[in-house]
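Enquirer: Before I ask anything, here is the structure I am working with.
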Amino acid sequence: MSSWLDKIMPSMIRSDSAQKSVVPEGLWKKCPRCDAVLYRPELEKNLDVCPKCQYHHRIGARRRIDLFLDPDDRLEISAELEPVDRLKFKDSKRYRDRLVSNQKATGEKDALVVFSGKVQSVPVVVTAFEFNFLGGSMGAVVGEKFVRAANVSIKENVPLVCFSASGGARMQEALASLMQMAKTAAALERMKQKGIPFISVLTDPVFGGVSASLAMLGDLNVAEPGALIGFAGPRVIEQTVREKLPDGFQRSEFLLEHGVVDMIVHRSELRPRIASILAKLCGLPQPAADSPTAILPEA
Amino acid sequence: MNAYYLDFEQPIVELEAKIEELRLVGNSSDLNINEEINRLKSKCVSLTESIYADLSSWDIARVARHPKRPYTLDYIQHIFTDFDELHGDRLYADDASIVGGIARLDDRPVMVIGHQKGRSVQEKVKRNFGMPKPEGYRKACRLMEMAERFRLPIISLIDTPGAYPGIGAEERGQSEAIARNLAVMSRLRTPIISTIIGEGGSGGALAIGVCDILYMLQYSTYAVISPEGCASILWKSAEYAEQAAEAMGITAPRLESLGFVERVINEPLGGAHRNHELACANLKVALRDGLERLQKLSLDELVEERYQRLTSFDRFF
């Protein structure tokens, strides 16, 4: 059936997907740390870690989950939840309009994506924040999806992993967003009482209400190298204390030194490391390693 | 008597000064002056009523921060008896911006915990303007877990601009301290009643505010960020605080209508700062009611109801 429609449709779809990965960003990307100009396909092959200076570029929620989970048995959870502008909030723009433009730009309904699946054959529920959606801010949908993820973990007795990347609570949802802190913490406490592991992976950046709730409540807190993590933002602190902040303040390495995170793990090592840890916590045998060609960057 | 008043309070203050003047000048046997004083007094009441009937969210935010407003230690003094203050987090320090200890409400032993601001300059500094550091939250956590062990209901009084944004606070894990309190409070097997008595500032407020019953005083506020903070981020200037206060819905009646608050506790005419005793008496009645209700539940029911309450925010799904 080679009608005119067939000729048009695939090209539309193709141009759509091509637009996402190539057109808006260009083929080249400058590393914000070392200023190296990087060829995007190569950067992507390297898990968006700068091959020159190891700077971990921010990556989206779906890509994060895609890199983490085994290809088989993936199932998205509560994809249908959509935000509601209960307060009819308006600042310089309407919240409703901000939602629509962020939904268009990211293809997500809100800032959290949840999947169940396996990591090196260890069953897991995984959640990831989409930082490009209103700064990964936590409103009612993020809180609800997170709790549903925790509930699936409890029901199926499988561990939960969260990749956080968030500026904090979503101001446009006002007090409801603050309450998500209590809500997510309560759900994690339930998991803890049932002895189900929760691994919190902090990626650049994690602040405010997300940092001061779910992201710090891991049985293990793991950070990617160089991520900026804290409660108050560095600018606010600088204005308050009126002194220069110490070098490396609020970076992952600073947090490790101060006892806030258990370990810093390179993006290329996250998958095997977490699989291995979860297997130990769940009493499973050591998972088989990925074949080296699968995702590891060149040495 | 007090040098500090908000701009919209000025007509009230002027009228009160006039009454005071008349009283000083007049001979108490002078009938005319007494009549005039009484007339002015009732005028003062109706003036206060009309001004306070029409406050914007931003006005209320300023009443909530009024430096003459009763603070936690004032409430403790008027509502409870036999208060033993307990100090320190056993880990690092004692944070004076959170006070806590065991006391009695009527005959019932309870654990009271609250943010404390200062009145004099020295005390403000000592109390860090009511902005806790991690050790404050960890002290609160220690006291709350102790309350659970000894079956003491927890009464928390919230009045903070927010957690302190400082270098040391970050080094000692501000986020973790707050997060842990949220988690612990969600499961404590003892009743928890929280009341916003002034400013309910963000995570710093919530860190002692996870509860079975949430009260707000009539002119208190509760928000995810201060109006100034919200304005400087979303409007790019703190000057839009008034709009931000309105948009976020930070006042007690508004939050009650949105389902976050169980009860709004009336304040004396013109705000709690005008009559500490009456403000405390009103809260005492509400705390008694609340405890009575919660103590009818078994501990299993209590914790399950709290969990349902916490996880049902926001309720539109």
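Enquirer: If I ask for residues that are in a helix (DSSP H, G or I) and surrounded by fewer than 17 Cβ atoms within 10 Å (Cβ to Cβ), which ones from the range B:143-167 would you list?
Expert: Across the range B:143-167, the qualifying residues are B:145, B:146, B:149.
Enquirer: Further question on the same structure: Write out, first by first residue and then by second, each pair whose Cβ atoms fall under 9 Å of each other, whose residues are 6+ apart or on separate chains, and whose first residue, in the range B:249-270, is on the phi > 0 side of the Ramachandran plot while the second is assigned to a strand (DSSP E or B).
Expert: Taking only residues 6 or more apart or on different chains, the pairs are B:249/B:223.
Enquirer: Being in a strand (DSSP E or B) and touching a helix residue (DSSP H, G or I) at 6+ places or on another chain (Cβ under 9 Å) narrows it down to one residue among B:190, B:195; which is it?
Expert: B:195
Enquirer: Name the single residue, out of those in the range A:152-181 being more than 11 Å from chain B (Cβ to nearest Cβ) and more than 16 Å from the chain's Cα centre (by Cα), that is surrounded by the most Cβ atoms within 10 Å (Cβ to Cβ).
Expert: This residue is A:153.
Enquirer: Here are the criteria: (1) out of contact with any helix residue (DSSP H, G or I) (no Cβ under 9 Å at 6 or more places or on another chain); (2) outside any helix (DSSP H, G or I); (3) under 25 Å from residue B:212 (Cα atoms). Tell me which single one residue B:119 does not satisfy.
Expert: Status for residue B:119: all satisfied but (3).
Enquirer: Do any helices (runs of 4 or more DSSP H) entirely within the range B:225-282 hold 1 or more residues that are touching a strand residue (DSSP E or B) at 6+ places or on another chain (Cβ under 6 Å), and if so, which?
Expert: Once the helices (runs of 4 or more DSSP H) in the range B:225-282 are filtered for at least 1 residues that are touching a strand residue (DSSP E or B) at 6+ places or on another chain (Cβ under 6 Å), what remains is B:241-248, B:252-257.
Enquirer: Within the range A:108-132, can you find the residues that are touching a residue at least 60 places away in the same chain (Cβ under 8 Å) and either assigned to a loop (DSSP other than H, G, I, E, B) or more than 13 Å from the chain's Cα centre (by Cα) (or both)?
Expert: A:119, A:120, A:121, A:122, A:124, A:130, A:131, A:132
Here is a yes/no grid of residues against (1) buried (at least 18 other Cβ atoms within 10 Å of the Cβ); (2) more than 15 Å from the chain's Cα centre (by Cα); (3) touching a residue at least 60 places away in the same chain (Cβ under 8 Å):
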| residue | (1), (2), (3) |
| --- | --- |
| A:28 | no, yes, no |
| A:37 | no, yes, no |
| A:45 | no, yes, yes |
| A:54 | no, yes, yes |
| A:73 | no, yes, no |
| A:81 | yes, yes, yes |
| A:84 | no, yes, no |
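Enquirer: Determine, yes or no, whether residue B:184 is more than 7 Å from every other protein chain (Cβ to nearest Cβ), assigned to a strand (DSSP E or B) and modelled with pLDDT of 95 or more. If you could, list the steps in order and put the result at the bottom.
Expert: Values: more than 7 Å from every other protein chain (Cβ to nearest Cβ): yes; assigned to a strand (DSSP E or B): no; modelled with pLDDT of 95 or more: yes.
Considered against the rule, which asks whether it is more than 7 Å from every other protein chain (Cβ to nearest Cβ), assigned to a strand (DSSP E or B) and modelled with pLDDT of 95 or more, residue B:184 comes out as no.
Enquirer: Can I ask one more? Among the listed residues B:303, B:285, identify the single one that is over 24 Å from residue B:202 (Cβ atoms) and within 11 Å of chain A (Cβ to nearest Cβ).
Expert: B:303
Enquirer: Continuing with the same structure: Filter the range A:235-249 for residues that are loosely packed, with under 10 Cβ neighbours inside 10 Å and facing chain B (nearest Cβ under 7 Å) and give the result.
Expert: none
Enquirer: Then there's this: Which ones in the range A:168-194 are under 24 Å from residue B:305 (Cβ atoms) and part of a loop (DSSP other than H, G, I, E, B)?
Expert: A:194
Enquirer: Of these, A:201, A:261, which one is crowded, with 23+ Cβ neighbours inside 10 Å, modelled with pLDDT of 95 or more, in a loop (DSSP other than H, G, I, E, B) and not polar (S, T, N, Q)?
Expert: Checking each option against the conditions leaves just A:261.
Enquirer: Suppose the filter is more than 10 Å from every other protein chain (Cβ to nearest Cβ) and part of a helix (DSSP H, G or I); does residue A:149 pass it?
Expert: Judged against the criteria, residue A:149 is a match.
Enquirer: Here is a list of conditions, (1) within 14 Å of another protein chain (Cβ to nearest Cβ); (2) surrounded by 13 or more Cβ atoms within 10 Å (Cβ to Cβ); (3) closer than 30 Å to residue B:229 by Cβ, and residue A:108 meets all of them except one; can you say which number that is?
Expert: With respect to (1) within 14 Å of another protein chain (Cβ to nearest Cβ); (2) surrounded by 13 or more Cβ atoms within 10 Å (Cβ to Cβ); (3) closer than 30 Å to residue B:229 by Cβ, residue A:108 is out only on (1).
Enquirer: Has the range A:217-227 got any residue that is hydrophobic (A, V, I, L, M, F, W, C) and within 12 Å of chain B (Cβ to nearest Cβ)?
Expert: yes
The values are calculated or read from the model by the stated rules, or taken from the named source; none is laboratory data. Since the structure is predicted, the reported quantities are computational estimates derived from the model, not experimental observations. All Cβ positions, glycine included, derive from the backbone under ideal geometry; neighbour counts span all protein chains shown.
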